[in-house]
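Shown next, in structure tokens, is the structure this report addresses.
The values are calculated or read from the model by the stated rules, or taken from the named source; none is laboratory data. As the structure is a computational prediction, the values presented were derived from the model and not from experiment. Ideal geometry is used to build each Cβ from the backbone, glycine not excepted, and the neighbour counts take in all protein chains shown. Heavy atoms of the whole protein, side chains included, go into the accessibility calculation; ligands, DNA and RNA do not. Shrake-Rupley method; radii C 1.70, N 1.55, O 1.52, S 1.80 Å.
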Amino acid sequence: MSFAHTHLLGIEPLSPADITTLLDLAGQYAEQGRSAVKHSDALAGLTQINMFFENSTRTQASFELAGKRLGADVMSMGMQASSIKKGETLIDTAMTLNAMHPDLLVVRHPHSGAVDLLSQKVNCAVLNAGDGRHEHPTQALLDALTIRRAKGRLHRLNIAICGDIAHSRVARSNIILLGKMENRIRLVGPPTLMPSGIGEFGVEIYDSMAEGLKDVDVVMMLRLQRERMDGGFIPSEREYYHRYGLDAEKLAYAKPDAIVMHPGPMNRGVEIDGELADDLRRSVIREQVEMGVAVRMAAMDLLARNLRAARAVKRPVMA
Ligand code: NCD
């Protein structure tokens with residue numbers, strides 16, 4: 001079984017075999033999540049601390065539930081109201097928490113690279129729950145599992161990622177993951193919302209939905225991340241919806257069985273039509289949320305196995 005990692009900081013360090021191992025285990029947890037008994041004891045005796053320095057509803061809830069279903073002691077810290085506000089640095093906060101001997105630390109932070117830095121200062125497994133515009137690995141993994149279940153495979157698919165690519169860590173992690181699994185990726189959106197240098201990732205770029213969605217298997221919509229914009233990126237939300245908002249008419253350019261995805265939270269009527277988002281014949285948005293719990297269970301389970309193995313080696317053997 002391939003997954004020799006201490007932390008889950010991004011998709012970048014993962015091999016296709018690592019990704020497959022994780023998704024296979026997550027598939028089993030998804031089954032468990034649909035059964036009457038949802039618990040197991042993979043994390044029994046371990047402590048999981050969630051540190052979210054940015055607002056989050058689904059990701060934080062998902063990690064919390066995942067840890068609880070695996071029997072960990074889970075604590076969630078709302079970092080907005082924490083000592084950070086009193087001037088403590090990220091590293092000081094981390095060192096304080098480290099002294100409480102957590103085994104798994106789940107961190108979301110507004111700055112790209114902050115979670116990586118923190119992982120170098122603590123002696124437990126660190127999971128990146130989103131750092132700035134950099135990576136959001138568990139989101140890309142849950143998207144991958146959702147696609148694999150809907151399409152029966154995770155390779156040689158045509159996938160369109162649409163909208164605010166420039167500000168999106170979800171897009172970045174997905175581009176890396178879907179590329180590693182040998183899919184054809186198209187980025188669709190206004191040129192103002194395309195990051196510079198994106199051509200290097202081996203993707204095709206479109207500024208028209210009609211061309212970009214033509215014959216794709218998967219349409220992944222992104223939230224317009226207004227909190228990361230300092231003005232001037234789009235003329236108006238109405239205009240944006242008209243040109244790039246996904247509705248039934250634009251979806252008709254894609255394959256007849258194309259699925260619709262969105263990481264949430266959604267701006268209905270801005271990047272996606274509300275009715276289409278709720279249409280279970282096309283939209284897998286709810287399944288994405290369900291797979292989120294399963295993927296986080298799998299990620300924490302695999303990291304905990306490695307953590308236990310590493311500690312067993314380090315611990316002196318008593319005669
Ligand atoms: C995403 C995020 O936080 O990066 N949301 C999520 O994790 N479900 C995307 C977003 O905020 O638009």
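Worth a mention:
- Computed Kirkwood radius, in angstrom, where 1/r is averaged over Cα pairs of segment 231-319: 16.6 Å
- Most fluctuating residue given options M51, M229, M297, as computed from a GNM of the chain linking Cα atoms under 10 Å: M229
- Build a GNM of the chain with springs between Cα atoms under 10 Å apart, and of V216, V260, V37 the one that fluctuates most is V37.
- Of the residues G269, A310, L280, the one whose Cα sits farthest towards the positive end of the charge dipole of segment 259-319 is A310 (charges of +1 on Lys and Arg Cβ, -1 on Asp and Glu Cβ, taken about the Cα centre).
- Remark on I205: its backbone amide H falls under 5 Å from those of L187, a criterion applied only to residues 5 or more positions apart or on other chains, H modelled at 1.01 Å from N.
- Residues whose amide H comes within less than 5 Å of that of N50, counting only those at least five positions distant or on another chain, are M75, S76, M77, V106 (H built at 1.01 Å from N in the peptide plane).
- In a reduced charge model with +1 at each Lys and Arg Cβ and -1 at each Asp and Glu Cβ, the chain shows a dipole moment near 780 debye about its Cα centre.
- Extent along the principal axes, Cα only, for segment 127-197: 34, 29, 17 Å, with the longest axis given first.
- The mean sequence distance of close C-alpha pairs (under 8 Å, at least 6 residues apart), as a share of the length of the chain, puts its relative contact order at 21 percent.
- Average accessible surface area per residue within segment 183-319, 1.4 Å rolling probe, Å²: 52 Å²
- Of the residues E135, E31, E182, the one that moves most in a GNM of the chain with alpha-carbon contacts below 10 Å is E31.
- Remark: segment 250-260, residue by residue, has Karplus-estimated 3J(HN,Hα) of 6, 4, 5, 6, 7, 4, x, 9, 5, 9, 10 Hz, where x stands for each Gly or Pro and the curve is 6.51 cos²θ - 1.76 cosθ + 1.60 at θ = phi - 60°.
- Nearest 10 degrees, 0 to 90: helix 58-69 Cα axis against the chain principal axis: 40 degrees
- Cα-centred dipole magnitude for segment 187-318, charges only on beta-carbon of K, R (+1) and D, E (-1), debye, nearest 20: 1140 debye
- Backbone phi angles across segment 24-39, fed through the Karplus curve with coefficients 6.51, -1.76 and 1.60 (θ = phi - 60°), yield HN-Hα couplings of 5, 5, 4, x, 5, 5, 5, 4, 4, x, 8, 9, 5, 9, 9, 9 Hz in residue order; Gly and Pro are listed as x.
- Normalised convex hull volume, segment 1-109, alpha-carbon set, Å³ per residue: 123 Å³
- Coupling constants for segment 200-209 follow from the phi torsions by the Karplus curve (6.51 cos²θ - 1.76 cosθ + 1.60, θ = phi - 60°), and in residue order they are 5, 7, x, 10, 9, 10, 10, 10, 10, 5 Hz; glycine and proline get x.
- Over all pairs of different C-alpha atoms, the chain has a mean inverse distance whose reciprocal, the Kirkwood radius, equals 20.2 Å.
- The sum of -39500 (n - 2.57) across all DSSP H runs of n ≥ 4, divided by the residue count of the chain, sets its helix-only mean residue ellipticity at 222 nm to -12000 deg cm²/dmol.
- Accessible area of the chain belonging to carbon and sulfur atoms, whole % at 1.4 Å probe: 52 percent
- A simple charge model with +1 on the Cβ of Lys and Arg, -1 on the Cβ of Asp and Glu and nothing else charged puts the dipole of segment 137-230 at about 460 debye relative to its Cα centre.
- Global geometry of segment 123-251, whether rounded, prolate or oblate, following the gyration tensor of its Cα atoms and the 1.5 cut on a/c: oblate
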